[in-house]
Amino acid sequence: MDIISHLTRTVSPAVLEDDRSPAKKNLLEQFYAIFAARLADNDTFNRFANENIARDDNAFYDRVWTEGAHRDQISRELAGKHNVDATASRGLIAMAAPLAFHEIKSLAGTTPVPQFLNDNLNSYQHHIPAWAVLFYLLVQSLPLLLQLAHRFLIPPVQRHYKEKKSQKRTL
């Protein structure tokens, strides 16, 4: 199953309407791959699993990526890569997200969407730009990195300051 080709055939015409710009079409293809990777995460998908997403819910994109900086970076990077205005990029993505969500759910059928997307990763992973992979890994790793920092870095620093404080008292 080529998920990106399906979304390009079904979602892109609705988003682009009469504008058949190859740059915008390619921008959407990369967005679909990034979006699919995001929905392949169980925690992310489960936030919307029981929500009724309207096909014209342009705020859906904002709920998929809750951090404004992440949304902005995705639209800016895609805009820059495809020489599309950043505002236009953001608008295309916002329009495409709910439509792509419905199409992916339809393609998955009775299979849970994250499982379907993980099972079909080979069909869209080559569309994910390298910057998005690094960005996704950083975002996904941040809680673990903070936990590791709290566990391994903060106690030695605290001990260091306690020792300095006790040394000052003895003087």
Worksheet item: Which whole-Hz couplings ³J(HN,Hα) result when phi for each residue of the range 91-108 is put into the Karplus expression 6.51 cos²θ - 1.76 cosθ + 1.60, θ = phi - 60°, listed in order with x for Gly and Pro?
Response: x, 4, 5, 4, 6, 6, 4, x, 5, 5, 4, 5, 5, 5, 4, 5, 4, 5
Practice prompt. Please work out how much length the chain gains when fully extended from Glu67 to Arg55, using 0.36 nm per residue of separation minus the C-alpha to C-alpha distance, in nm with one decimal.
Written response: 2.1 nm
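Values in this text are rule-based calculations from the coordinates and carry no lab data. Because the structure is a prediction, the values reported are computed rather than measured.
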